[in-house]
1. Restricting the search to region A:127-162, which residues are more than 17 Å from A:Leu175 (Cβ to Cβ) and assigned to a loop (DSSP other than H, G, I, E, B)?
2. Considering only residues that are surrounded by 16 or more Cβ atoms within 10 Å (Cβ to Cβ) and among the small types (Gly, Ala, Ser), look in region B:204-253 and name the one that is nearest to B:Leu360 (Cα to Cα).
3. Pick from region B:131-148 the residues that are touching a residue at least 40 places away in the same chain (Cβ under 8 Å) and not in a helix (DSSP H, G or I): which of them is nearest to the chain's Cα centre (by Cα)?
4. Applying the selection to region A:240-251, what residues are small (Gly, Ala, Ser) and surrounded by 20 or more Cβ atoms within 10 Å (Cβ to Cβ)?
5. Of all residues in region B:184-202, how many are part of a helix (DSSP H, G or I), closer than 21 Å to B:Gln143 by Cα and modelled with pLDDT of 90 or more?
6. Tally up the residues in region B:95-111 that are assigned to a helix (DSSP H, G or I) and more than 13 Å from chain A (Cβ to nearest Cβ), please.
Amino acid sequence: MAGANIKSGIATDTYAKERYWLLLPSWAVLLIFIVVPVAIMMVYSFLTKEFRGGVIWEFSMAAYDQFFFDRGLFGDEPAKIEWTYLNIYWRSIWQAGLATIFSLAIGFPTAYFIATRDAKVRPIWVFLITIPYWVNLLIRTVSMKFLLRDNGPLNSFLQMLEVIEEPLHIINTNLAVQLGLFYSYLPFMVLPIYAAIERYNFSLSEAAADLYASKWQTLRYVILPTVKPGVIAGCILVFVPSMGAFLAPDLLGGAKNFMIGSLIEEQFKGNAGNWPFGAAASMILLTMVLIILMVFSRQQSKAQEA
Amino acid sequence: MTDQHQAAIDVRNVVKKFGNFTALENVSLTIRDNEFFTLLGPSGCGKTTLLRSIAGFEQVTDGEIQLFGDDIADLPPNKRPINTVFQNYALFPHMSILENIMFGVEMRGNDKAVARTRAGEMLELVQLSQFAQRKPSQLSGGQQQRVALARALAPQPRVLLLDEPLSALDLKLRKAMQLELKAMQRETGITFIFVTHDQEEALTMSDRIAVMSDGKVQQLGGARDIYETPDNVFVADFIGETNLLKITVDQIIDGRAHCQLGGGHKLTCNEVQGIGVGTQVHLSVRPERLFLSTQPFEEESMAATVIENIYVGTDVQSIVQLNDGPKMTIRTQNSELGNKAVFDLGTNVFVSMEAGAARLLHG
Ligand SMILES: Nc1ncnc2c1ncn2[C@@H]1O[C@H](COP(=O)(O)OP(=O)(O)OP(=O)(O)O)[C@@H](O)[C@H]1O
Ligand SMILES: [Mg+2]
């Protein structure tokens, strides 16, 4: 019995003693760059705001109260649900969700295209996909704003071709935000899916065709399930930053299309800010993203077992 | 007319080029319905390419492939009633064994219940019922191979293509699977096109064999035809072992060719069409059809010296040096009787051959 135990333990126990030391750098990075900042934010969300930005070190639930409840202008009315921020969050979720679906719809065929090119030219395609991202996100978003303006190049071009008579009003609409988010995060969708498809064994597609599956059936029943981890990674990598994005909604969406990122950003800007409220809004965002991811992975593992 | 009806696959003058490399060079062959047909040839001769063309994964450059009398050039792979057992199995890794086998049945438009019943039958046939819920990665190579076979048979194709399906198996399992495959073909009545580069496998399993090399069919025939009456040097050399000797035809009398071997040795054998007097050709004679003796057995027995005896289990393989001539290999069966025909190294012996054993070859 003891012998069997030792034997089965060998593979994992080879570095038993050294393991903790070897993992130390990873733990340190996680601690310094994730745990500590989140902890700071958490602490700040429970402090009292100072009027010129900053905080007073006094415990307070005011930030969360402000987020969820409306107590009237002077704070003396009975508490009602505050819809302002919940609406912003709701809008952010569906904007990010839509941007994810949009990116997937374009990103998957793109990744598939690249992965099925000759091995020699694949790196060139990947390189081309990433080229725009060598330019700062702010500059790209501002350029996009310029491109989409009512009298910008896109409208002029379409008018010149006589496709349209009046300029399209794209700027300051949800569509503009979608375009901005899509453009900002597309490579995060393409690259993981590309990596997954590149590892995919295409003789499986031949086997499917051999067994009477049409192209769509092959995609649906064979390719997608096999490259699913890449698709999930891509969706998370687009969805999560889209939720918190503020450049695209700010610059392209205007005041009407406010998203969480902008709300949080405002709280830390200049004298008008409210640090505890910004921290609380961030904590709520973080909690929400975690819940969404957990529900998602729950369902994934359930589907896996079935 | 009836012959036409019997053809399952008719390959007509098929050419397949990859760039400027010709993988199939004017291949023509007819595969009959209910036949166990084998494509045999060395690595790179175009067996897989021909199979893939039949399955529809490659577009032929020229020529035509007919399936039961119809040109199938425009039929995509998923519309051809042909299934393949792939060389690397290509089982779907995310599906269970059962789902793998159900796949083709479902894709053919049957509902799940029908597919499940059919898959269950197939699992029973390949004796893997207890593994139905496992994933392919949890099976051994031999079991995966049987799953691949079951998956290809389940949708009841009219033609089954098997691309070296046994190459990954150990000798014992391989022999067992050979018999199983052969039995399965007989029971189902499905036309099997089997690819191998193992000549012994081809000889034991096939109704007919096409020997290929360099993108061409070298000979098509039954196992016995190919082994005993090879058409050319390539086939004689590739199938089994043979003594290939350069000779000159001296004269042809009454359909018998009288030939000169180096060192003044003489041989007669049956005339072969297209080989005339004075031409330098090859003569092939199988080692097991030669025998040794200390005295000349007949007029044409050739004097030689034993230079090597190799024990190979069932046989002893003797290599002799003809006096002033080439070397020859003789196989003697390892029995009480046969042992009397094996001689010590250095013994002066005479080599004789059974009547009709020698064959003149083109090329
Ligand atoms: N897609 C391709 N592009 C270029 N050349 C190819 C391609 N596929 C096959 N070939 C060439 O065609 C020839 C025949 O290949 P094929 O795969 O049919 O050989 P094979 O007889 O199946 O060999 P093996 O026994 O090794 O499987 C080879 O020389 C191979 O290099
Ligand atoms: Mg091959």
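The values are calculated or read from the model by the stated rules, or taken from the named source; none is laboratory data. This is a predicted model, so every value here is computed, not measured. In this analysis, Cβ positions are derived from the backbone assuming ideal geometry, glycine residues included, and neighbour counts consider all displayed protein chains.
1. Selection gives A:Val135, A:Asn136, A:Asn151, A:Leu161, A:Glu162.
2. This residue is B:Ala236.
3. Filtering region B:131-148 down to residues touching a residue at least 40 places away in the same chain (Cβ under 8 Å) leaves B:135-137, B:139, B:144-145, B:147-148.
Narrowing further to those that are not in a helix (DSSP H, G or I): B:135, B:139.
Working: B:Lys135: 33, B:Leu139: 29 Å.
For region B:131-148, the residue satisfying everything is B:Leu139.
4. The initial filter retains those residues of region A:240-251 that are small (Gly, Ala, Ser), namely A:242, A:244-245, A:248.
Matches in region A:240-251: A:Ser242, A:Ala245, A:Ala248.
5. Within region B:184-202, residues that are part of a helix (DSSP H, G or I), closer than 21 Å to B:Gln143 by Cα and modelled with pLDDT of 90 or more number 2.
6. Going through region B:95-111, the residues assigned to a helix (DSSP H, G or I) turn out to be B:97-107.
Still in the list and also more than 13 Å from chain A (Cβ to nearest Cβ): B:97-98.
Residues meeting the conditions: 2.
Residues are listed down the side, and each one gets a yes or a no for (1) modelled with pLDDT of 95 or more; (2) more than 21 Å from the chain's Cα centre (by Cα):
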residue: B:Asn26; (1), (2): no, no
residue: B:Ser43; (1), (2): no, no
residue: B:Gln59; (1), (2): no, yes
residue: B:Gly69; (1), (2): no, yes
residue: B:Asn88; (1), (2): no, no
residue: B:Leu91; (1), (2): yes, yes
residue: B:His94; (1), (2): no, yes
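Matching residues to (1) at pLDDT 90 or above; (2) out of contact with any strand residue (DSSP E or B) (no Cβ under 8 Å at 6 or more places or on another chain); (3) of a type in the set (Asp, Glu):
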{"site": "B:Leu245", "(1), (2), (3)": "no, no, no"}
{"site": "B:His282", "(1), (2), (3)": "no, no, no"}
{"site": "B:Val306", "(1), (2), (3)": "yes, no, no"}
{"site": "B:Leu322", "(1), (2), (3)": "no, no, no"}
{"site": "B:Thr329", "(1), (2), (3)": "yes, no, no"}
{"site": "B:Thr332", "(1), (2), (3)": "no, no, no"}
{"site": "B:Leu337", "(1), (2), (3)": "no, yes, no"}
